[in-house]
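The values are calculated or read from the model by the stated rules, or taken from the named source; none is laboratory data. Note that the structure is a prediction, hence the values are computed from the model and not measured. FYI the Cβ positions are ideal-geometry reconstructions off the backbone, even for glycines, and counts take in every protein chain you see.
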Amino acid sequence: MISELEKYKTADTSKVSTWYKAAEVSAIPENGGACIKYNDLQIAIFNFSRRNEWYACQNLCPHKMQMILSRGMIGSSEGEPKVACPFHKKTFSLKTGKNINGDTCDIATYPIKIEEGFVYVGFE
Ligand code: FES
């Protein structure tokens, strides 16, 4: 049975070859994030419940190479979901990974879906 929460995110799913079962939905705080590991990658997962959306991106902030984005502040800017790094407030689109307020490198975003109470992150 497919959960009513089943929802395919934002990033392109056409190249996904592996859906990694990352966590139970209940393990990710509402309107907050958590970090999961996939091989050597740290991935930030966000339960953006105010928007009824989920997002996944790299946990590494490219500004000072800190593993921290899962603890960032999420919000919206002109309709665009975003995460702000807690250290120096560099802000990234959760849809595209683009750095919104500066010239810091963009970040990687990943497809995400919810099925039967679990969060899955898609990898090529
Ligand atoms: S380390 Fe993230 S904004 Fe500086």
Exercise. Within the stretch 63-91, which residues are over 17 Å from Arg51 (Cα atoms) and either buried (at least 16 other Cβ atoms within 10 Å of the Cβ) or among the basic types (Lys, Arg) (or both)?
Worked result: His63, Lys64, Ile68, Leu69, Ser70, Arg71, Cys85, Lys89, Lys90, Thr91
Seminar exercise, completed: Note: among Glu116, Glu30, Glu78, just one is touching a residue at least 60 places away in the same chain (Cβ under 8 Å) and of a type in the set (Asp, Glu), namely Glu116
Seminar exercise, completed: Selection over the stretch 58-75 where residues are touching a residue at least 40 places away in the same chain (Cβ under 8 Å) and out of contact with any helix residue (DSSP H, G or I) (no Cβ under 8 Å at 6 or more places or on another chain) yields a count of 3
Seminar exercise, completed: Checked the stretch 34-62 for anything at positive phi and buried (at least 18 other Cβ atoms within 10 Å of the Cβ); matches are none
For this session: Please tell me if Ala11 is surrounded by 19 or more Cβ atoms within 10 Å (Cβ to Cβ), within 12 Å of the chain's Cα centre (by Cα), at pLDDT below 95 and over 14 Å from Glu115 (Cα atoms).
Result: yes
Exercise. What strands (runs of 3 or more DSSP E) completely inside the stretch 13-118 contain at least 3 residues that are in contact with a Gly (Cβ under 7 Å, 6 or more places away or on another chain) and within 16 Å of the ligand (Cβ to nearest atom)?
Worked result: 80-84
